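The values are calculated or read from the model by the stated rules, or taken from the named source; none is laboratory data. Every value quoted in this text rests on a predicted model; they were computed, and no experiment measured them. We place every Cβ from the backbone using ideal geometry, glycine too, and count neighbours over all the protein chains shown.
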């Protein structure tokens, strides 16, 4: 169950992270009150969301790390996290930012990430 818990927590963590890092760009377009916030207000808003990212990211790494009885090495955890980040970001971008489109080179890059996962788990 540890691999499943780790991956689920990483998915939730990366959802919060993506919204914290890029959600303010959409909110600026949608809400005039948000657009008028000074940069420090936007940073504090993003940090408040990132807090929830850390509530999931830290336990995911602790549960998943082989040094704590988990199934993944540190490098494997990082590659898993990066792939999840890009998947979540791609879904986020295509759903919320209609002007952003995927092209062949994006799919080629995702293929390279799949190969990265393969190589990092290769014995």
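If I filter segment 40-53 for residues that are in a helix (DSSP H, G or I) and under 21 Å from residue 2 (Cβ atoms), do I get at least one hit? Break it down stepwise before answering.
Filtering segment 40-53 for residues in a helix (DSSP H, G or I) gives 40-53.
Now restrict to residues that are under 21 Å from residue 2 (Cβ atoms): 53.
Within segment 40-53, one or more residues are in a helix (DSSP H, G or I) and under 21 Å from residue 2 (Cβ atoms).
For segment 91-123, how many residues meet the condition of being over 24 Å from residue 78 (Cβ atoms), in a helix (DSSP H, G or I) and free of Cβ contacts under 8 Å to residues at least 24 places away in the same chain? Steps first, please.
Step one: list which residues in segment 91-123 are over 24 Å from residue 78 (Cβ atoms), which gives 94-104.
Subset that is in a helix (DSSP H, G or I): 94-96, 104.
Applying the additional criterion that residues be free of Cβ contacts under 8 Å to residues at least 24 places away in the same chain yields 94-95, 104.
Of the residues in that region, 3 qualify.
What tally of residues in segment 13-36 results from selecting those that are surrounded by 13 or more Cβ atoms within 10 Å (Cβ to Cβ) and under 25 Å from residue 99 (Cα atoms)?
As a first pass, look at segment 13-36 and keep what is surrounded by 13 or more Cβ atoms within 10 Å (Cβ to Cβ): 13-24, 26-28, 34.
Those left that are additionally under 25 Å from residue 99 (Cα atoms): 14-24, 26-28, 34.
Number satisfying all stated conditions: 15.
Could you grab the pairs with beta carbons closer than 8 Å, sequence gap of 6+ or different chains, first residue in segment 24-49 and at positive phi, second one at pLDDT 85 or above?
Going by the 8 Å Cβ cut-off, there are no qualifying pairs.
Just the residues that are farther than 13 Å from residue 2 by Cβ, assigned to a helix (DSSP H, G or I) and out of contact with any strand residue (DSSP E or B) (no Cβ under 7 Å at 6 or more places or on another chain), please, taken from segment 68-77.
Filtering segment 68-77 down to residues farther than 13 Å from residue 2 by Cβ leaves 73-75.
Add one more test, that the residue is assigned to a helix (DSSP H, G or I), and what stays is 74-75.
Scanning segment 68-77 gives a single hit, 75.
Does segment 86-99 contain any residue that is touching a helix residue (DSSP H, G or I) at 6+ places or on another chain (Cβ under 6 Å), modelled with pLDDT under 95 and more than 25 Å from residue 27 (Cα to Cα)? Before the answer, list the steps.
We begin by selecting, within segment 86-99, every residue touching a helix residue (DSSP H, G or I) at 6+ places or on another chain (Cβ under 6 Å); these are 88-89, 92, 96.
From what's left, modelled with pLDDT under 95: 88-89, 92, 96.
Imposing the further condition that a residue be more than 25 Å from residue 27 (Cα to Cα) reduces the set to none.
Within segment 86-99, not a single residue is touching a helix residue (DSSP H, G or I) at 6+ places or on another chain (Cβ under 6 Å), modelled with pLDDT under 95 and more than 25 Å from residue 27 (Cα to Cα).
Could you give every pair whose Cβ atoms fall below 7 Å, whose first residue belongs to segment 56-85 and is closer than 22 Å to residue 106 by Cα, and whose second residue is crowded, with 19+ Cβ neighbours inside 10 Å, counting only separations of at least 6 or pairs across chains?
80/10; 80/72; 81/10; 84/10; 84/14; 85/14
Using the structure shown, decide if residue 117 is within 18 Å of the chain's Cα centre (by Cα) and surrounded by 13 or more Cβ atoms within 10 Å (Cβ to Cβ).
Values: within 18 Å of the chain's Cα centre (by Cα): yes; surrounded by 13 or more Cβ atoms within 10 Å (Cβ to Cβ): yes.
When the stated conditions are applied, residue 117 passes them.
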